[in-house]
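The values are calculated or read from the model by the stated rules, or taken from the named source; none is laboratory data. Predicted model, so just to flag it, every value in this text is computed and none were measured. Reconstructed Cβ throughout: ideal geometry from the backbone, glycine too, with neighbour counts over all protein chains shown.
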Amino acid sequence: MQSFTLDSQKLYTALASVGISRSDDKLRPLLNAVLVEMESPDVLRFVATDSFRMAIADIKVDNIAFECSENKSFEPFNLAGDFKPLLAMLKTDKQSSRVIVDGSNVIVSTKNGAQVVVDRLEGTFPGYRDIVKHATVQEGLAEEVAFNPAYMGDIGKAAMLFSGETRKNTKTPVRFSSNGKNKPGRFLVVSNDDTLEQWLMPTRVL
């Protein structure tokens, strides 16, 4: 078992924005999940993909509080199930949430006593790092354009969730860059110290 405490709004922002890229393919359950892992000592990473698109949210977590973890390190886990009750709880909470990863369950509770239980899936999440490594835009070779996220469908929806904006007050640009035709395209949103990368694949890759 491991547990940690995180600002509820940061947890909501990360899960809501990457959750859009989850798959609903029942034959590939790990694509229905969001991977949660530590990218660096002060960055918590959330990843979701349906094999045609992928979202990576890196959330700065200066104030994360780790509690009981047997090896004193963060063990990645796959968060799955119905996110609607969880997101509804987190969206309205202005304090922090405790996340307990225990067996096949992930229990998220707030200080006011609300609690939601979702699933933890066993297995190895698809190798998203290989995609990023081979598709990363080379400096000086890429074309980069800024889009208004209000007109970009799911990518725009995720960008606005991530930056806390709406169609009426959208100010944060979505930067698109690509190495060319038939290469994955990268959409980047930077909000405060947090980043959201969204990738579109020309073919199914996972």
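So here's what we get for this one:
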| read-out | value |
| --- | --- |
| Single match in Thr13, Thr92, Thr49, Thr5 (criterion: among the hydroxyl-bearing types (Ser, Thr, Tyr) and in contact with a Lys or Arg (Cβ under 7 Å, 6 or more places away or on another chain)) | Thr5 |
| Thr92 vs. criteria of a type outside the set (A, V, I, L, M, F, W, C), outside the structural domain of Ser191 (by TED's automatic domain parsing) and surrounded by 18 or more Cβ atoms within 10 Å (Cβ to Cβ) | no |
| Enumeration of residues in the range 141-171 that are buried (at least 16 other Cβ atoms within 10 Å of the Cβ) and either among the aromatic types (Phe, Trp, Tyr) or at pLDDT 85 or above (or both) | Ile155, Gly156, Lys157, Ala158, Ala159, Met160, Leu161, Phe162, Ser163, Glu165 |
| Looking only at the range 1-30, and only at residues there that are within 15 Å of Ser51 (Cβ to Cβ) and of a type in the set (A, V, I, L, M, F, W, C), the one that is modelled with the highest pLDDT | Val18 |
| Residue match in the range 31-48 (condition: surrounded by 15 or more Cβ atoms within 10 Å (Cβ to Cβ), at pLDDT 95 or above, in contact with a strand residue (DSSP E or B) (Cβ under 8 Å, 6 or more places away or on another chain) and in a loop (DSSP other than H, G, I, E, B)) | yes |
| Residue within the range 127-140 that is surrounded by 11 or more Cβ atoms within 10 Å (Cβ to Cβ), modelled with pLDDT of 75 or more and among the hydroxyl-bearing types (Ser, Thr, Tyr) present | yes |
| Close pairs from the range 49-60: first on the phi > 0 side of the Ramachandran plot, partner small (Gly, Ala, Ser) and surrounded by fewer than 24 Cβ atoms within 10 Å (Cβ to Cβ), Cβ under 9 Å, at least 6 apart | Ser51/Ser23 |
| Ile64 buried (at least 17 other Cβ atoms within 10 Å of the Cβ), modelled with pLDDT under 95 and among the β-branched types (Val, Ile, Thr) | yes |
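Rundown of residues vs (1) closer than 15 Å to Glu75 by Cβ; (2) assigned to a helix (DSSP H, G or I), yes/no style:
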residue: Phe4; (1), (2): yes, no
residue: Ala14; (1), (2): no, yes
residue: Ser17; (1), (2): no, yes
residue: Arg22; (1), (2): no, no
